[in-house]
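These notes are about the structure you will find just below.
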Amino acid sequence: MADGDNGGAPMRRPSLNWLLVFIPIAAVADLLVHQPVLVFVSSCLAIVPLAGLIGKATDELAIRAGARVGGLLNATFGNVTELIIAFLLVQAGEVEVVKASLIGSILGNLVLVLGASYLVGGIRFKEQRYSARSAGIHASSLLLAVSGLVMPALFVWLANDTAVQREVISLTVAGVLIVLYLAALVFTLITHTHLFGVRQTEEKAEWPMWLALLVLLAAALVVGIMSEFLVDSLEPTVAALGLSRVFVDLFVVAIIGNAAEHASAVLFALRNQMDVAIEIAFGSSTQIALLLAPLIVFISLAIGRPMDFVFSGYEVVAVTLATIIVSVMSRDGHSNWLEGLQLLGVYIILGVSLFYVGT
Amino acid sequence: MADGDNGGAPMRRPSLNWLLVFIPIAAVADLLVHQPVLVFVSSCLAIVPLAGLIGKATDELAIRAGARVGGLLNATFGNVTELIIAFLLVQAGEVEVVKASLIGSILGNLVLVLGASYLVGGIRFKEQRYSARSAGIHASSLLLAVSGLVMPALFVWLANDTAVQREVISLTVAGVLIVLYLAALVFTLITHTHLFGVRQTEEKAEWPMWLALLVLLAAALVVGIMSEFLVDSLEPTVAALGLSRVFVDLFVVAIIGNAAEHASAVLFALRNQMDVAIEIAFGSSTQIALLLAPLIVFISLAIGRPMDFVFSGYEVVAVTLATIIVSVMSRDGHSNWLEGLQLLGVYIILGVSLFYVGT
Amino acid sequence: MADGDNGGAPMRRPSLNWLLVFIPIAAVADLLVHQPVLVFVSSCLAIVPLAGLIGKATDELAIRAGARVGGLLNATFGNVTELIIAFLLVQAGEVEVVKASLIGSILGNLVLVLGASYLVGGIRFKEQRYSARSAGIHASSLLLAVSGLVMPALFVWLANDTAVQREVISLTVAGVLIVLYLAALVFTLITHTHLFGVRQTEEKAEWPMWLALLVLLAAALVVGIMSEFLVDSLEPTVAALGLSRVFVDLFVVAIIGNAAEHASAVLFALRNQMDVAIEIAFGSSTQIALLLAPLIVFISLAIGRPMDFVFSGYEVVAVTLATIIVSVMSRDGHSNWLEGLQLLGVYIILGVSLFYVGT
């Protein structure tokens, strides 16, 4: 399972730090040039390395904190970039964008990242193995999330629902999903640790504690600023480029917060550490579906711009299909390049249909 | 697999016999006080121990009859309480209530009982094992039933159907399901007995034959009377309490006939006899889906109040989701507390959406 | 795995050659008697042995060509009869018939043939084994095809689609599926041959090369003529017999091109060579879903009678259900008579609902 190269950490995250140059570009474009398309593109590009830095800083803290607290830190801050973007979007009243970007993140992690990992790893290695048990537990969690997506959507679609009913159903489903996410954390970090490929074992911290904390806070702050730019420039950019709104939400906004994480999953696959790659792809999907999305339902209620848990037919069907395919594929604990290519094919099929929705 | 305690039988069914006190209460409330809500609640509570007694008497007869005939008796009388209630509801023209209570029974057994068994057993034991083969055969049967639910509903929904077409499709599907149920009996009791955890092995009969028969008949008779009370008081109770009709049908009427069986499944899980717990939960679900529901289609036709096999969108989707989740969860032959909690979460998610339907 | 009987080849395809007598009958009925129903029935019956001869000739060529090129030949010419029929139907503008017959072919192979093989093989042998890995790879391919069926249909159903959008989505999905089919060929024939039960090993060619080529060409030519008769007589026959159009397309037109192949799958099951039977049933389904159907999309565009990749709700749901059931059933690598009967039951349930559609 371990490969010949020395320490794992340096290879873990590809250096995307040169993309940080887009921070000042976005600022200039927004404050001086007033070019929305340029603001949108450069703030998107700037968020990619910032999300990477947040991930790196979280890892550093996690290594120092030991396996359990470290696992908890990773599970909590793993999608902090998405949370910041989603929060600002909710505040701006862009509830549908938030929903689409959450679904896009789930699909991106589950289909695109997993597919790329299987493909790239499978080209280098004939067959790669991972824990079918661990993948099965993630698959169960995702199927729960699918129930949580399907039932409210079905209710709104078939019944003459009232706003109150919609709110009660949304909050109940969101509450159940959060409880089940926390339960899964207890399961993986406390009661059944032995079932999961442990991630941090041999790693050594590279940064002193204060640096990790500083990077975490600074990067989160700049992500916040970039996300402001992004939210402000979203509408005019979509209009200027004549793109489908749903497509931008699902495939652009959704990906930028995950790009760094995505890249590291593929790198782990290349090093034949499929359990880690799987953990990133599946873990990130379940975190968004069971924690982030329900959390935003409660946060949005708290700040007076309630978002319900009712997703569109496309969104529900796309996640359901992706979950069933990945469940069936991962049941044997093997992967190869064909499965990778198949998942990428599914991503294209889902994408092309969504490209035209809402144009 | 075997635990330290002595004989299994005394522990098998929890004593709910004190609930029998609700038999006279229901009678008094119906005949003297004319209080529909009280009649409804007390007749519901009275049916619980009666269903338990029917189960116990069937078990006693089954032990004497040997494994094969005994298995057949269990398979035939296992849901006799539900059959009596359903028969009276059909006679009263309450066809939609029957359908909802059948779906509710399937969901209750498949999600609630299995979830409670996994959870309670998983708290006491780190990991419980059961036959993945046996669970897989049940999962296949349930998927068949799902096809039988989906296709007629889809037909009615998409086509301009006529009453004759609806009847032919319903009878064909019902006929196919019954044949497949009988075939599964032949499979489990005759041709492939070795695949299934045998249940009655070491048990000894506690009751003489005449007592078992007497209890069976007497309990069935009283269940009939209580069910009459229940059917009569259903409408006014739902109106008086302002409850959703579908909710009452799916979650109240459906549960009372199964409560005793449910309790014994959880007790088996506590004793680490997961194969028996699984057999009760899965077996009861498949029996309702493949035998009871289709049987009522034919019975209803015979008594001139035909019920078709067309279920609502909610009912079809809820059973489909539950079946897929349980299929994926049970494929590895392991269970733990997290899976139990997840199934209970699914039950709440299904329940909250259905709570508001049809208010 | 090998049974006592001598060489496999003579037993491989049941002799249906006496049905060739229907070739002149169809010709006479069409050219002289002008009896559409007789033309339809006799051309259907004539195609069955012709498809068998094409299969036999392809096998003969495949044996001479060696495992890889042979596998490629089989994969390419395996459904040449369906391709000819579909081409003529597209040319006649009968696009809906083509779609229905493609779906019917998938269902026929996946549910009817697999069910018959399981049942017949399971009656003779208590339990039959096959490679769960190989079945799982086919199941993944079919789930891909399901995505390709679901998403365009959902798009057309939910969005206000334009003809251009429909065309782009259809061509993209079709292109992705063809690429994935070719990738699966590379996987099974080049990079991962060891995972698949090889079929041709000990067989010896019976026919000289020139005979195999001659039979292939002649049979394909006559299939073309018979298909012309069939296409011309389809409309009047449906009208004359008062049958549901969808039913005829799905269950009659779909079966004739596969009947010979179907029979040989069942024969392999009888000889306990389940890997070959599975390969025929699954392989044929995936070939139709991932190669034939998308190919017709491109061909139809080339000849100026474009067929899109948008299937009806029934068709999509039926294939989805069938794929999920077969995926769950085949995950353990075992089959028995009950699973066979269950699949046949599913086929009847799908059939009876479709019988009335579009009458």
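The values are calculated or read from the model by the stated rules, or taken from the named source; none is laboratory data. All figures in this text were calculated on a predicted structure; none of them were measured in a lab. Every residue, glycine among them, receives a Cβ derived from its backbone with ideal geometry; neighbour counts consider all protein chains shown. These area figures cover heavy atoms from the full protein model, side chains too; ligands, DNA and RNA do not enter into them. Shrake-Rupley method; radii C 1.70, N 1.55, O 1.52, S 1.80 Å.
Details
- Which numbered condition B:Ala135 misses (of (1) buried (at least 19 other Cβ atoms within 10 Å of the Cβ); (2) at pLDDT 90 or above; (3) more than 9 Å from chain C (Cβ to nearest Cβ)): (2)
- Check on C:Trp210, within 9 Å of chain A (Cβ to nearest Cβ) and among the aromatic types (Phe, Trp, Tyr): no
- Every residue from region B:170-199 that is modelled with pLDDT under 90 and part of a helix (DSSP H, G or I): B:Ala184, B:Leu185, B:Val186, B:Phe187, B:Thr188, B:Leu189, B:Ile190, B:Thr191, B:Thr193, B:His194, B:Leu195
- Test for B:Thr320: is it at pLDDT 85 or above, open to solvent by 20 Å² or more (accessible area, probe 1.4 Å) and within 14 Å of another protein chain (Cβ to nearest Cβ): yes
- Only one of the listed residues (C:Phe282, C:Phe268, C:Phe309) is open to solvent by less than 20 Å² (accessible area, probe 1.4 Å), of a type outside the set (Val, Ile, Thr) and in contact with a His (Cβ under 6 Å, 6 or more places away or on another chain). That residue is C:Phe282.
- Exclusive hit being under 19 Å from the mean Cα position of the chain (by Cα), open to solvent by less than 10 Å² (accessible area, probe 1.4 Å), of a type outside the set (A, V, I, L, M, F, W, C) and more than 9 Å from every other protein chain (Cβ to nearest Cβ), set A:Gly115, A:Gly121, A:Gly148: A:Gly115
- Only one of the numbered conditions (1) modelled with pLDDT of 80 or more; (2) among the aliphatic types (A, V, I, L, M); (3) more than 27 Å from A:Ala86 (Cα to Cα) is violated by A:Ala205, and that is (1).
- Subset tally (residues that are over 19 Å from C:Val21 (Cα atoms), open to solvent by 50 Å² or more (accessible area, probe 1.4 Å) and of a type in the set (A, V, I, L, M, F, W, C)) for region C:218-246: 4
- Test: residue in region C:92-110 that is more than 26 Å from C:Arg305 (Cβ to Cβ) and either basic (Lys, Arg) or out of contact with any Pro (no Cβ under 7 Å at 6 or more places or on another chain) (or both): yes
- Residue tally, condition assigned to a loop (DSSP other than H, G, I, E, B) and either modelled with pLDDT of 75 or more or open to solvent by 70 Å² or more (accessible area, probe 1.4 Å) (or both), over region A:1-15: 6
- Test: residue in region B:286-295 that is within 9 Å of another protein chain (Cβ to nearest Cβ), open to solvent by 20 Å² or more (accessible area, probe 1.4 Å) and out of contact with any His (no Cβ under 8 Å at 6 or more places or on another chain): no
- For A:Val39: the one exception among (1) open to solvent by less than 40 Å² (accessible area, probe 1.4 Å); (2) within 24 Å of A:Leu292 (Cα to Cα); (3) modelled with pLDDT of 85 or more: (2)
- Failed condition for A:Ala254, given (1) surrounded by 19 or more Cβ atoms within 10 Å (Cβ to Cβ); (2) closer than 30 Å to A:Arg129 by Cβ; (3) within 11 Å of chain B (Cβ to nearest Cβ): (3)
- Residues being among the polar types (S, T, N, Q) and surrounded by fewer than 24 Cβ atoms within 10 Å (Cβ to Cβ) - total across region A:80-112: 1
- When restricted to residues that are in a helix (DSSP H, G or I) and not hydrophobic (A, V, I, L, M, F, W, C), region B:203-242 contains 8.
- Within region C:337-354, the set of residues being surrounded by fewer than 24 Cβ atoms within 10 Å (Cβ to Cβ), modelled with pLDDT under 90 and at the interface with chain B (Cβ under 8 Å from one of its Cβ atoms) comprises C:Val352 only.
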